[in-house]
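Each remark here refers to the structure printed beneath this line.
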Amino acid sequence: AIQHRLWPEVDRLVKQQVAMARMGIGECGTGWQLFAEDGEMKMYRREEEVDGMVVDPLKAVHVVKGITGHEVCDYFFNPKYRYDWETTLEHMTVLETISDDTLVFLQTHKRIWPASQRDVVFWSHMRKLPNDQDRDGPDIWTVVNNSTESPEHPANVGKCVRIYLTVCLLCQTRVHPPKDGAPITRNNVSCKITYCSVVNPGGWAPASVLRAVYKREYPKFLKRFTSYVINQTKNKPLMF
Ligand SMILES: CCCCCc1ccc(-c2ccc(S(=O)(=O)CCO)cc2)cc1/C=C\c1ccccn1
């Protein structure tokens, strides 16, 4: 296949992010604090600053019944659904369609007082990975988002402060076959979702404000997004 200009970076980042996402929280180094828990959802963060700016890495693990990893990644990746679940989104544009599994987005997020409004440019790549731990198990699906430059949209020109992020959504489907050999239904599947993100807020924002935003927004985002996928898929055939 013809490789596109971002392919080497995309391939390197996907491998790196997937390897990190598959590590248990104990193997990801020290300093992770559990800061939010709701049923099966556990959210951890590590307090980190770069040049005096809060860039706290976040790792969330959630297990959701009735949906598959392919479905979760499709609703996360596909721009046509984003306004439905991304509550802090003010505007989103697809700047480039590099291939059917690689897009470049420009997003502006709603201003969060007292910080100035933020925007972000990132490539987004969706990929199916072989399940090398359980050969005949369902495939693993992932979406990786990583900030990138856009000559047409230079950083910090308009009113928005440009943020920089790396995000990995890793989804592992589990099938619990019914005893009597009946066909697999949504009651027999669940999805283990790992969401990792590192966001550099760009220009200065008070650490207390950033940490409050993340503490409030990340649990809300993951619960709202997974509920959205459950609702969108409940009357549709399973997509593995
Ligand atoms: C002072 C406030 C600075 C932070 C503002 C901000 C920056 C980045 C982002 C953000 C979060 C997730 C992604 S994604 O996972 O790629 C999905 C596609 O949209 C992209 C962008 C959001 C928000 C603003 C709020 C906020 C913070 C967490 C979680 C949710 N909302």
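Some notes on this structure:
- Cβ pairs under 9 Å, 6+ apart, first in the stretch 204-227 and within 26 Å of residue 65 (Cβ to Cβ) and without any contact (Cβ under 8 Å) to a residue 60 or more places away in the chain, second assigned to a helix (DSSP H, G or I) and not hydroxyl-bearing (Ser, Thr, Tyr): 227/85
- Flag if residue 87 is assigned to a loop (DSSP other than H, G, I, E, B) and surrounded by fewer than 19 Cβ atoms within 10 Å (Cβ to Cβ): yes
- Lone qualifier among 72, 64, 54 - being touching a Leu at 6+ places or on another chain (Cβ under 6 Å) and of a type in the set (A, V, I, L, M, F, W, C): 54
- Check on residue 173, touching a Pro at 6+ places or on another chain (Cβ under 6 Å) and more than 16 Å from the ligand (Cβ to nearest atom): yes
- Single condition residue 177 does not satisfy, out of (1) surrounded by 20 or more Cβ atoms within 10 Å (Cβ to Cβ); (2) outside any helix (DSSP H, G or I): (1)
- Per-region count, the stretch 111-129, residues within 7 Å of the ligand (Cβ to nearest atom) and outside any strand (DSSP E or B): 2
- Evaluation of residue 53 against (1) modelled with pLDDT of 95 or more; (2) surrounded by 14 or more Cβ atoms within 10 Å (Cβ to Cβ) (one fails), failing number: (1)
For every residue, the table says whether it meets (1) more than 16 Å from the ligand (Cβ to nearest atom); (2) touching a Lys or Arg at 6+ places or on another chain (Cβ under 6 Å).
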{"site": "135", "(1), (2)": "yes, no"}
{"site": "139", "(1), (2)": "yes, yes"}
{"site": "166", "(1), (2)": "no, no"}
{"site": "190", "(1), (2)": "yes, yes"}
{"site": "197", "(1), (2)": "no, no"}
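- Screening 134, 139 for residues that are farther than 21 Å from residue 108 by Cα and without any contact (Cβ under 8 Å) to a residue 60 or more places away in the chain leaves exactly one candidate, 134.
- Within the option set 209, 199, being outside any loop (DSSP other than H, G, I, E, B), within 17 Å of residue 164 (Cα to Cα) and among the aliphatic types (A, V, I, L, M) holds for one residue only, 199.
- Among the candidates 192, 220, residue that is surrounded by fewer than 15 Cβ atoms within 10 Å (Cβ to Cβ), under 26 Å from residue 32 (Cα atoms) and under 16 Å from the mean Cα position of the chain (by Cα): 220
- First in the stretch 156-181 and β-branched (Val, Ile, Thr), second anywhere and away from the ligand (no atom under 16 Å from the Cβ) and part of a strand (DSSP E or B), Cβ under 6 Å, 6 or more apart: 173/191; 175/189
The values are calculated or read from the model by the stated rules, or taken from the named source; none is laboratory data. Quick caveat: nothing in here was measured; it's all calculated off a predicted structure. Please note: Cβ atoms are built from the backbone with ideal geometry, for glycine as well, and neighbour counts cover all protein chains shown.
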